[in-house]
Amino acid sequence: MRYYLAPLEGITGYIFRTAVKEQFGEHIDKYFTPFFVPCHKRTAGRKEEKELYPEHNEGMYLVPQVLTDVAEDCLRFEGKMHAIGYHEININLGCPSGTVSSKGRGAGFLRDPERLDHFLEEVYEKKKGKISVKTRLGIEDPEEFKAILEIYNKYPMEELIIHPRVLKEAYKGVPHKDLFIYALKNSRNPVCYNGDIWTPEDLIGLEELIRAEGLEWKDPAIMLGRGMVANPALIRELAGGEKLTKEELTLFLGSVTDAYKREFSGDVPVLHKTKEIWNYMIRHFPGCEKQLKAIRKAKHLPEYEDAVRSVLSTMKN
């Protein structure tokens with residue numbers, strides 16, 4: 001099994017990635033950046049380019065992700081990434097955000113299969129290196145994916161990463177794993193699964209569904225996003241390793257917070273970043289509503305850090 005750290009806008013930037021790699025990176029094969037939005041005037045801004053500094057990504061196989069519906073911009077981005085040493089990029093066709101999809105980007109691009117086909121045709125005809133695609137199933141009906149997959153099958157993708165929900169579902173409801181299995185049967189490109197893997201049992205359940213269909217998942221790959229923010233040791237656990245300990249989580253959160261302190265000036269931007277992590281990590285601390293509320297309400301770092309220590313004190317190991 002290959003394991004990837006997914007791109008989550010605003011969370012899995014180089015600070016989070018570095019902390020994950022240093023403590024839990026043994027089994028992680030690829031790291032993906034949050035998306036870049038290129039245009040004819042620029043490929044990325046100065047702040048975004050910090051994501052790509054070599055010193056921020058040492059020892060990682062890093063895949064820059066691009067969000068665009070213009071083939072020329074995508075190819076310009078790919079060319080620049082290739083020139084600075086990144087030989088694979090990922091096209092985002094999965095973001096369900098209204099501000100993104102309303103512009104026909106991300107999952108919104110799936111509204112116009114014909115235009116998407118022309119976009120991919122130009123990109124794959126002129127590309128310099130490897131290009132993978134991260135996709136949803138469609139806009140409203142999961143069955144839309146069957147026609148979309150016919151388009152994807154025309155092109156030599158490095159791999160097809162599938163989040164088996166449609167745009168309108170965002171992250172609600174149960175992933176349509178039957179459509180992922182359909183892709184396993186019918187995709188001409190390697191496929192990677194992404195969506196609602198929070199525990200080793202979730203992965204076991206997916207593998208059992210695949211075996212029940214009599215299928216062999218050749219060169220299997222899993223992309224983890226929200227599950228890894230909630231539990232940074234999740235990939236280690238999926239690979240058969242030990243569960244996350246209190247000491248490890250304390251060290252991890254301290255490392256991330258200290259890095260944000262060096263990156264930003266003042267408590268507010270640091271708290272904004274660290275509280276985002278707790279939006280996911282909260283699921284591992286049932287019964288700690290009072291302490292978790294204190295994390296959310298903290299206006300200064302000392303208050304936040306006291307509240308975090310209070311929550312961590314409830315962990316058993």
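The values are calculated or read from the model by the stated rules, or taken from the named source; none is laboratory data. What you see is a predicted model, and the numbers here were worked out from it, not measured in a lab. Note that each Cβ is placed from the backbone with ideal geometry, even for glycine, and that neighbours are counted across all protein chains shown. Please note that ligands, DNA and RNA were not included when accessible areas were found on the heavy atoms of the full protein model with its side chains. Shrake-Rupley method; radii C 1.70, N 1.55, O 1.52, S 1.80 Å.
Restricting attention to the stretch 277-291, the residues that are closer than 18 Å to LEU234 by Cα and either outside any loop (DSSP other than H, G, I, E, B) or among the β-branched types (Val, Ile, Thr) (or both) add up to 8.
Quick one: would you say SER255 is within 26 Å of GLY25 (Cβ to Cβ), open to solvent by 10 Å² or more (accessible area, probe 1.4 Å) and either charged (D, E, K, R) or out of contact with any Ser or Thr (no Cβ under 7 Å at 6 or more places or on another chain) (or both)? So SER255 passes the test. In the set PRO200, PRO175, only one residue is surrounded by 20 or more Cβ atoms within 10 Å (Cβ to Cβ) and over 30 Å from GLU72 (Cα atoms); that residue is PRO175. Test PRO96 against the criterion of being at negative phi, assigned to a loop (DSSP other than H, G, I, E, B) and either open to solvent by less than 60 Å² (accessible area, probe 1.4 Å) or free of Cβ contacts under 8 Å to residues at least 24 places away in the same chain (or both), and give yes or no. Taking the combined requirement at face value, the residue satisfies it. Only residues that are open to solvent by 10 Å² or more (accessible area, probe 1.4 Å) and within 20 Å of ALA6 (Cβ to Cβ) were counted across the stretch 132-156, and they come to 1. Take the conditions open to solvent by 10 Å² or more (accessible area, probe 1.4 Å), part of a helix (DSSP H, G or I), closer than 20 Å to LEU8 by Cα and of a type in the set (A, V, I, L, M) and apply them to ALA294. Does it pass? Answer is no for this residue.
Yes or no: ASP196 closer than 30 Å to ARG309 by Cα, assigned to a helix (DSSP H, G or I) and of a type outside the set (Phe, Trp, Tyr)? Write out each step before concluding.
Numbers: closer than 30 Å to ARG309 by Cα: yes; assigned to a helix (DSSP H, G or I): no; of a type outside the set (Phe, Trp, Tyr): yes.
No; evaluated as a whole, the condition is false for this residue.
Looking only at the stretch 265-276, residues that are open to solvent by less than 60 Å² (accessible area, probe 1.4 Å) and in a loop (DSSP other than H, G, I, E, B) come to 1 in all. Among all positions in the stretch 46-57, there is no residue which is under 22 Å from the mean Cα position of the chain (by Cα), at pLDDT 95 or above and not polar (S, T, N, Q).
With respect to the conditions (1) among the small types (Gly, Ala, Ser); (2) open to solvent by 20 Å² or more (accessible area, probe 1.4 Å); (3) in contact with a Leu (Cβ under 8 Å, 6 or more places away or on another chain); (4) in contact (Cβ under 8 Å) with a residue 60 or more places away in the chain, ALA233 falls short on a single one, namely (2).
ILE161 fulfils the conditions (1) at pLDDT 95 or above; (2) not in a strand (DSSP E or B) except for a single criterion, (2). Evaluated against (1) surrounded by fewer than 19 Cβ atoms within 10 Å (Cβ to Cβ); (2) closer than 26 Å to ARG226 by Cα; (3) of a type outside the set (A, V, I, L, M); (4) at pLDDT below 95, TYR86 falls short on exactly one condition, (1). Scan the stretch 108-128 and tell me whether some residue there is modelled with pLDDT under 95 and either charged (D, E, K, R) or not in a helix (DSSP H, G or I) (or both). Scanning the stretch 108-128, I find at least one residue that is modelled with pLDDT under 95 and either charged (D, E, K, R) or not in a helix (DSSP H, G or I) (or both), so the answer is yes.
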